[in-house]
Amino acid sequence: AQSVTQPDIHITVSEGASLELRCNYSYGATPYLFWYVQSPGQGLQLLLKYFSGDTLVQGIKGFEAEFKRSQSSFNLRKPSVHWSDAAEYFCAVSTGGGNKLTFGTGTQLKVEL
Amino acid sequence: NAGVTQTPKFRVLKTGQSMTLLCAQDMNHEYMYWYRQDPGMGLRLIHYSVGEGTTAKGEVPDGYNVSRLKKQNFLLGLESAAPSQTSVYFCASKLLLAQGNEQFFGPGTRLTVL
């Protein structure tokens, strides 16, 4: 069965610093991969997705992610974090009949001013 | 275009009570999903539907029932609520042939079972 691991439960960075959130997946075939962001009390917003082609994908709000098949990873990056980026971030993989999403447990990002 | 909407936004139930959560989408999407979100566990799939009149079980279906009588609506029912069902519930929908399989999420329903 497919699974998604986000090894960092909490991450704190200073505003203006770079950010990398880790995501590893387990799936036999080529996966569809996603990063979602959730602000407190809000729903999920799609940041970016990978399904084929260029392994470096660009998303909204200045985020990017790189798909590395050899490492089964899809890490999210941002060169310079803004205070408004404080939120919870979820990595997900879409698989199987019905294209169901399997989510990681999330990484809570705190931004220090 | 309202996207995906959920009713109600908040609800408090007593153990044993029943209720129905409504999800509606106006994007003519074929696929619809119900997830629950619990601290430290991410989102887990409860039930999903690949079209009007069809439903299927997800990862955590016990204690829930669903119906998809109309393409635009997906109902989640709790027949006898338990404290373990205290959670935030999210509905999502997806176009059948969406490039990249993106799901669109509603704002969530926060349910507390006392």
- Search the stretch A:14-65 for residues being in contact with a helix residue (DSSP H, G or I) (Cβ under 9 Å, 6 or more places away or on another chain) and part of a strand (DSSP E or B), and hand back the single one that is nearest to A:GLY104 (Cα to Cα). A:ASN24
- Which members of the stretch B:1-41 meet the condition of being of a type in the set (Phe, Trp, Tyr) and farther than 21 Å from B:GLN72 by Cβ? B:PHE10
- Filter the stretch B:61-114 down to the residues that are among the polar types (S, T, N, Q) and at the interface with chain A (Cβ under 10 Å from one of its Cβ atoms), then identify the one that is surrounded by the fewest Cβ atoms within 10 Å (Cβ to Cβ). B:GLN99
- Message: Can you tell me which of (1) among the aromatic types (Phe, Trp, Tyr); (2) modelled with pLDDT of 95 or more; (3) surrounded by fewer than 19 Cβ atoms within 10 Å (Cβ to Cβ); (4) within 28 Å of B:GLY51 (Cβ to Cβ) is the one A:TRP83 doesn't meet?
- Response: (4)
- Message: Residue pairs, Cβ under 8 Å, 6 or more apart or interchain, first in the stretch A:62-85 and touching a residue at least 40 places away in the same chain (Cβ under 8 Å), second assigned to a helix (DSSP H, G or I) and among the charged types (D, E, K, R). List them.
- Response: A:LYS78/A:LYS61; A:LYS78/A:ASP85; A:ASP85/A:LYS61
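The values are calculated or read from the model by the stated rules, or taken from the named source; none is laboratory data. Every value quoted in this text rests on a predicted model; they were computed, and no experiment measured them. No Cβ is skipped: glycine too gets one built from the backbone with ideal geometry, and neighbour counts run over all protein chains shown.
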